[in-house]
Structures are given as structure tokens and as C-alpha cells.
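The values are calculated or read from the model by the stated rules, or taken from the named source; none is laboratory data. The structure presented is a predicted model; accordingly, all values stated were derived computationally and were not measured. Here the Cβ positions follow ideal geometry from the backbone for every residue, glycine too, while neighbour counts run over all protein chains shown. Heavy atoms of the whole protein, side chains included, go into the accessibility calculation; ligands, DNA and RNA do not. Shrake-Rupley method; radii C 1.70, N 1.55, O 1.52, S 1.80 Å.
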Amino acid sequence: MNLDGKSLKSNFIRYIIPSILAQWVYSLYSMVDGMFVAKGVNEIALTAVNLSYPFVAFLFALSLLFAVGASTIVSILLGENHHQRACEVFTQNIVLQVIFSLVIALLVMLNRESFARFLGAPNQQTADYVIQYITWIAPFSCVYLLSYSFEILLKTDGYPKKATLIVIFGAVENCILDWFFVMVLHKGIQGAAFATSLSQATVIILYLHHFLSGKGVLSFKRFKPDFSILVRQMRNGFSSGVTEMSSGMVTFLFNQVILMYLTQDALVSYTIISYVNNIVVLSATGIAQGAQPLISYYYGQKSLDKCKSLFRYSLVAAGVVCTVSFAACFILARSIVDIFIGPELQALRDSSVTAFRIFAASFLLVGFNIAVSGYFTSVERAAEALVISAGRGLVLMAGCLIVMTRIFGGAGIWWSPLVSETACLAVTGLLLLIYCRKDTFWNQKERFEVFRTPKSAVR
């Protein structure tokens, strides 16, 4: 990582802006599919794209689990000047993802009908659309995992701008292919899925060109499988994977609850809301991921002051982004809804706008929770990071959905995210307070021995 000659704040900005842009682009993949499917097929097909989203989110979450876990270890090793070992960890990570992706693809393709029902398809027509969509996603599981992982590790290698340019190239290609397959060739929802998968496959070639060319520090090296590194990697990356998967988990939960308490039309409303929610959550995630290799690098160098400063930068940046997002969504809710729903469905438009504005209030809190979780991940405090991520993505949200719908019925669905994020904020604040008071690294620069890198990481 080339961090010399620039201020800490400059390096922070240099890393988080490409990371945020990359997250936006990733969130656009499903959104673009939804937009073209809504216009080129029908609203039922749009619902099928939304129902299929948890599977795509699962692929990205698994990729992020491995990538952030590996990036944290690699960044620490680079900070400690163990370049050869960093390359071995990098290579083992890629091989593991290829193996996992092949298993996932096989399982899904052999159980497409039951998988579509599991995702929440309420009838056979919707189930058919879901099957058509995942039929052209599952076989490409490998490229979904590797594209996200390579993007993160390319930033760790010191090329954040290059990583973003590759991601943007893939997004532009996806838009063009979506238009061509759905609007020109009329291939429907299958065409949208194939367009997304093909664009993901293309960027893999660009990433491989970098890592095979020897331009950076990271490259493929012979490695001896190290189970201790795998455990450490998964422990470090698990909270980030849960954060990424939370969008898919929340979508799955909301789909089920909406079908119980509201009508199927409300799935269209939530599809629109979930697209925007993903952008906001991934923006905060982009800040955390952008800061992660920097914090981990200086953590490896035992530079306490720089770690603290980067943490403060992350909190401020996440707070600003999420506050602006809330204001923009509240003001532009009707304009955003109108992109997806035609004027002939005015009642659905109005109800969607109301739900959107209520849901958006949760954006005010999500940034702080994700930024703190990201910092804990960067300094290998996996337990704290996992508590925050799991709380946001599953435990608290599920509990709030149950309680709010029992009390307020269907209207309580849209208030659940705000209540959930508020509860998570209390937990996050408590964990951060305990950490700041008791942690030797945070309070005593000279007593870093508690956080020594395990011997297995420096062999």
C-alpha cells in the first residue's frame, strides 16, 4: 500500500470515495434489472426480481465475508512488511471462494422449484419468473463471488481508483446488455439475469489482468492450506458479511410479512423502497470498507493516533451521507416512485410514497451503526462487530417486525426499520463505550501486546 507523501485525511478520502462509488454501482445491478423488467415485462416480473434479490445478496455477502476477512489480515501483514505471507493469504482466499461457489451453483440448480417457493413466490406465475431469473444467476455464482472480492482486494493492493473504474465499466455494460436483451431481443426476465451475470464475468477478466501482471504487491503464490488463517479470516469478515446479507435478509423478512398483513401490491412498494435502502446502507458500508484497509494497515504498524483519526473520519462521513440521503428521499419520494409505477396506478403510487417517507427515517441512524461495526472489524474485534451486524440485519429487525405488526398491523411494517436501528444504536453505543474505556490499544499506546498478530499469520 502506497500511503507515503499524502496526509491521513487525503488517503481516507482517496479510499472511501471509490469504495462508495463501487457500492452504489453494485446496488444498481438489481435496480437496473428491476427497471427494465418493469418496463419490458410487467409488475409481477418486477416482484420476482425482488424476491430473488436475497439470493444475489447472499452471494455478495459470502464474497464480502471472505474478502473483508482476507483484506484485514493482508493489510495487517503488509503493515508488518510480510509481503510473501500476504500473497499466500490472498491466493488461499480466492481458491476457497471458487470451491464454495461451485457447491452453491449445484445445490440451487438442482432445487430451483423449491428454492423459488422458499424465496416467497406466492403463486405459480411468480414462481416461474423467479425460476427463470435464478436459472441465469446460479450458474454464474463464481463470478459474483470473485468480482466483489477482487474489487475489495484491489483496493487493499493500493489501487482504489482502478477498482472503481472496473466496477463502473461492469455497471455500464450491464445497462447496455439489459436494454439489448430485454427491450430489443425481448428475452424478458431471463435476459435481465443473463445481462447481469455476463457483465460480472467480464470484470473478472480485468481484475485477473491486474493481479497476474505483477503491477501491485498482491499476486498469486503457491500456498499451503492454513486452517487457522481461514478461521481468523471468517471471524474478521463475518460481521461485514452479515451487514451485506442484512439487505437480503431484511428483504426476505419484509416480503413474508407484507404478504401476511398487506396485499401483493405492497410488494411493489417495498421493491422500490428496498432499492433505495440498499443504496443508503451500501454507502455507509462503502465508507467502512474504504477505511478498513487503512485502519488495519496502521493497526499493524501500531499507530494508535492514526487509527483513532480514521475512526472519527468514518463516523463523520457516514453521518453526513445518511442525513443527506434521508432529506433527499423525503423530498423526492414521489419522483422516485413514479420511475417504477405508471400513472394508471395512482393509489399504489400514493401508498408507496407514504411508506417510503416513513421507512427513510431509519437512514438517520444506520450510518453510525455501520461505521462502528466497520472499525471493530478493522482491528479484529470480531465479537463486537458481529453483535452490531447481526442485530441490525436479523435479530432486532425480526423482533421489531413481529412487535410492530402485532401492535399496529400492516402500518407497523414501515416503522420497524426506525425502531430497529434505534435499538441497535443503543447496543452500538454501549459496546463502543466499553471498548474505549477498557481496551489497552485504545488507551495505552505502549501496551499493544494484547493485540499481537497470531504466529500463524506471520509464518
*Could you give the dipole magnitude of segment 8-225 about its Cα centre, charging the beta-carbon of Lys and Arg +1 and that of Asp and Glu -1, in debye to the nearest 20?*
640
_Rg/Rh for segment 298-358 to two decimals, with Rh computed the Kirkwood way over all alpha-carbon pairs._
1.37
*Kindly provide the pair-distance distribution of segment 240-439 built from C-alpha pairs, with 5 Å bins from 0 and whole-percent values in order of increasing distance.*
1, 8, 16, 19, 18, 14, 10, 7, 4, 2, 1, 0, 0
*Take the Cα radius of gyration of segment 126-258 and divide it by 2.2 N^0.38 Å, with N its residue count; two decimals is plenty.*
1.25
*Along segment 214-224, what does the Karplus equation 6.51 cos²θ - 1.76 cosθ + 1.60 (θ = phi - 60°) give for ³J(HN,Hα), rounded to whole Hz, x for Gly and Pro?*
x, 6, x, 7, 7, 7, 6, 10, 4, 9, 9
*Evaluate the charge dipole of the chain about its Cα centre and quote only its size in Debye, nearest 20, assuming +1 on the Cβ of each Lys and Arg and -1 on the Cβ of each Asp and Glu.*
1500
_Helical mean residue ellipticity (222 nm; -39500 (n - 2.57) per DSSP H run of 4+; nearest 500) of the chain_ = -28000 deg cm²/dmol
*What whole number of Å gives the distance from the Cα centroid of segment 248-312 to the Cα centroid of segment 94-108?*
24
*How big is the gap, in Å, between the Cα center of segment 137-179 and the Cα center of segment 198-237?*
14
*What ranking do 300-310, 186-196 get when scored by the average of other Cβ atoms within 10 Å per residue, highest first?*
186-196, 300-310
*Under the definition of Cα pairs under 8 Å and six or more residues apart, what whole-number percent is the relative contact order of the chain?*
23
_Please identify the DSSP H helices in the chain that span no less than 18 Å along the helix axis (Cα) and have a mean Kyte-Doolittle hydropathy of -0.5 or more._
8-40, 43-79, 83-110, 141-156, 160-178, 188-213, 227-261, 265-300, 304-340, 346-360, 363-378, 412-438
*Calculate, in whole percent, how much of the Cα-Cα pair population of segment 8-225 lies beyond 27 Å.*
35
*Ranked order, Asp157, Asp128 - accessible area, probe 1.4 Å, largest first*: Asp128, Asp157
